[in-house]
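Nothing in this text is a laboratory measurement; each read-out follows from the coordinates by a stated rule. Bear in mind the structure is a predicted one, so any value in this text is a computation, not a measurement. Virtual Cβ from ideal backbone geometry, glycine too; neighbours counted across all protein chains shown.
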Amino acid sequence: MSGSAPRRRSRASAGLPPITADKIIDAAVELTAEHGLDGWSIRQIATKLDVWPGVVAHHVGDREAVVMAVTDRVIARIPVPDADVPWRDWFSALMLEGRAVLRQYPGVARRLVLVGPNVPAALPTIDVGIKVLLGAGFGKHATEIYRYLLNSAFMLVAVEDDRDNYFPAARAEMGRAMAAFAKDETRPGLAAAGAQAVASDDPADLAAQDLAFFKLTVERSLDGAEALLKD
């Protein structure tokens, strides 16, 4: 029939392996690493796999279902320390290694903070983490301390993701703006901040500063949690 769309051959007749939910999620995870969790569409997944968009919906569901599946897959990659590790070491390792994983998949950290308990892969971590805090003597505060520590750390990762996505030049610009006050004797607060500012466009310098601030946030958050044990 003139003007009709060409029929796409079946994958079997084309000698291609069948599509599965796992392959769809794999493709979405790859797109998330490249473009962020909000940077791809169902049509892009379909194009990547050479299938119709309806195939994605059939095997996994709508975009929200795929997003949750990607989030679950990424969270499962975060190493969970053994339950017998001292509580400070346990949370420090989880948050630092969690950041290393999450920064590879922009947008997943924000999703985790927003809907953590709805992500199946997060549940074992929650279970062990609260168990560790109970064993350390946090008692009735264990659950809220878990939320405080993980939200503090991973919301900071979400901010890093957002800045890289929406304001890629902001990190270097902020450093230069603050460094300009380094010798301003009339504003000692700004001068102190300026003296410590990193006025560099080198991505390695900026990444090192971000990691140092993340580590500072983790340690001070742990200090704040530990204060409850001393009351």
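Any idea how many Lys pairs in the chain come in under 20 angstrom at the alpha carbon, given 8 or more places apart or on separate chains?
On the way: 23/48; 131/140; 131/230; 140/230.
Lysine pairs satisfying the spacing and distance rule in the chain number 4.
As I understand it, the dipole of the range 93-166 uses +1 on the Cβ of Lys and Arg and -1 on the Cβ of Asp and Glu, about the Cα centre. Which of 153, 96, 141 lies farthest toward its positive end?
141
As a test of understanding, state the convex hull volume per residue of the range 154-231 from its alpha carbons, in Å³. The partial results should precede the final answer.
On the way: hull volume 8.5 nm³, N = 78.
So the per-residue hull volume is 110 Å³.
Among [x] 138; [y] 170; [z] 149, only one was calculated for this model; which label is it, if the read-out is volume of the Cα convex hull per residue in Å³?
[y]
With r defined as the distance between the Cβ atoms of residue 77 and residue 213 and R0 fixed at 25 Å, what FRET efficiency is calculated, to the nearest 0.05?
Working: r = 24 Å, r/R0 = 0.94.
Approximately 0.60, to the nearest 0.05.
About the Cα centre of the chain, how large is the charge dipole given +1 on each Lys and Arg Cβ and -1 on each Asp and Glu Cβ? Please answer in debye to the nearest 20. It would help to have the intermediate numbers written out before the result.
On the way: 26 positive and 30 negative charges, 171 e Å.
Approximately 820 debye in magnitude.
Loop only by DSSP, 14 or fewer other Cβ within 10 Å of the Cβ. Give me the trypsin sites (Lys or Arg not before Pro) in the range 176-231 that pass, ordered by residue number. Mind dumping the intermediate values first?
On the way: sites: 176, 183, 215, 220, 230; in loops: 183.
When the trypsin sites (Lys or Arg not before Pro) of the range 176-231 are filtered for loop state and at most 14 Cβ neighbours within 10 Å, 183 remain.
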